Amino acid sequence: MVKPRSRCPKCENSIAWYDNIPMVSWLLLGAKCRHCGVPISWQYPLVEAITAALFLFVYWRFGITLATPVYMLLSASLVLVTFVDLTDWTIPNEVTFPGIPLGLALSLVAMFYPESNLHVEGNLLPVFDSLLGVLLGGGSLYLLDKLSLVLLKKRGMGFGDVKLLAMLGAFFGWPSVIAIIMIASIIGSIVGIAYILYQKTKGDTEDAHYLPFGPYLSVAGLVVMFFGQQIFNFYFDFMIASPPSMM
Ligand SMILES: [Zn+2]
């Protein structure tokens with residue numbers, strides 16, 4: 001579980017501010033606790049570095065608008081979701097439960113205050129599209145889970161994934177949900193194939209265990225957050241440039 005370290009998990013000594021500077025302290029202390037020498041996971045500085053890079057990118061992309069603090073919070077949450085899902089195989093409700101109403105509320109803001117830069121590409125009526133996004137996001141993965149249970153006799157997604165996609169639907173609307181599912185599936189397939197090939201080279205024939213889907217959904221959510229506009233422009237330009245033939 002990735003959480004802010006205010007205390008050493010082993011000797012329980014509280015960590016002074018000068019030993020808690022993101023990334024810098026970890027390097028200076030040689031990845032060890034100052035008091036007892038217990039190794040500090042490389043995950044902490046990695047999470048901090050990725051979050052810091054995303055914050056910079058959000059500021060560069062959205063400038064001084066309401067969207068910047070909102071998307072910084074969302075980026076940090078999605079990084080957290082990714083690492084918690086990778087280590088604990090669960091998606092924290094602490095993120096998704098407040099995230100769904102927050103996303104819906106922000107779609108109202110986007111509707112009446114376009115300068116907020118809370119982009120909702122492909123959406124006609126932000127609030128309506130966000131509500132549909134929650135239903136489509138939550139519903140589609142829920143159905144997939146049930147279908148997988150019936151057809152493959154094993155669970156597909158956990159409910160954490162359902163709530164996560166519902167949350168992304170609330171933030172970005174239903175057209176983005178479709179884009180997120182497609183992007184997450186593409187990344188998931190590439191990683192999945194690489195994982196199977198890696199297992200083959202190890203001679204490991206063991207069946208693939210539970211593969212968390214949360215990280216793929218999170219990365220896809222970030223892609224849509226940053227490049228949603230470009231994705232929809234590309235899609236509609238493509239559709240107009242080569243309209244499907246009606247024979
Ligand atoms: Zn310690």
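The values are calculated or read from the model by the stated rules, or taken from the named source; none is laboratory data. Keep in mind that what you see is a predicted model, and the values were worked out from it rather than measured. FYI the Cβ positions are ideal-geometry reconstructions off the backbone, even for glycines, and counts take in every protein chain you see. Remember, those area values only see protein heavy atoms, side chains included, never the ligands or the DNA or RNA. Shrake-Rupley method; radii C 1.70, N 1.55, O 1.52, S 1.80 Å.
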- Out of the residues in segment 3-36 that are more than 10 Å from the ligand (Cβ to nearest atom) and either of a type in the set (A, V, I, L, M) or in the same structural domain as T82 (by TED's automatic domain parsing) (or both), state the one that is nearest to V81 (Cα to Cα). M23
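Quick test for you: out of L56, L46, pick the one residue that is loosely packed, with under 12 Cβ neighbours inside 10 Å, modelled with pLDDT of 85 or more and outside any strand (DSSP E or B).
Values: L46 fails: loosely packed, with under 12 Cβ neighbours inside 10 Å.
Just one listed residue meets the conditions, L56.
Sort through F57, F83 and tell me the only one that's more than 25 Å from G160 (Cβ to Cβ) and more than 16 Å from the ligand (Cβ to nearest atom).
Details: F83 fails: more than 25 Å from G160 (Cβ to Cβ).
Sole residue among the options that is more than 25 Å from G160 (Cβ to Cβ) and more than 16 Å from the ligand (Cβ to nearest atom): F57.
Go through segment 83-100 and report how many residues are assigned to a loop (DSSP other than H, G, I, E, B) and either at pLDDT below 85 or open to solvent by 20 Å² or more (accessible area, probe 1.4 Å) (or both). It would help to see each step written out before you state the result.
Our first condition is that a residue be assigned to a loop (DSSP other than H, G, I, E, B); within segment 83-100, this holds for 89-92.
Adding the requirement that they be either at pLDDT below 85 or open to solvent by 20 Å² or more (accessible area, probe 1.4 Å) (or both) leaves 89-90.
Number of matching residues: 2.
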- Query: Would you call G103 in the same structural domain as P175 (by TED's automatic domain parsing) and crowded, with 23+ Cβ neighbours inside 10 Å?
  - Reply: yes
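Looking at segment 18-43 only, could you name the residues that are open to solvent by 80 Å² or more (accessible area, probe 1.4 Å) and more than 29 Å from the chain's Cα centre (by Cα)? Steps first, answer last, please.
Quick first cut of segment 18-43, residues open to solvent by 80 Å² or more (accessible area, probe 1.4 Å) only: 18, 27-28, 32, 34-35, 39, 42.
Listed by number, the residues that qualify are Y18, L28, K32, R34, H35.
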- Query: Among the residues of segment 203-215, is there at least one that is at pLDDT 85 or above and outside any loop (DSSP other than H, G, I, E, B)?
  - Reply: yes
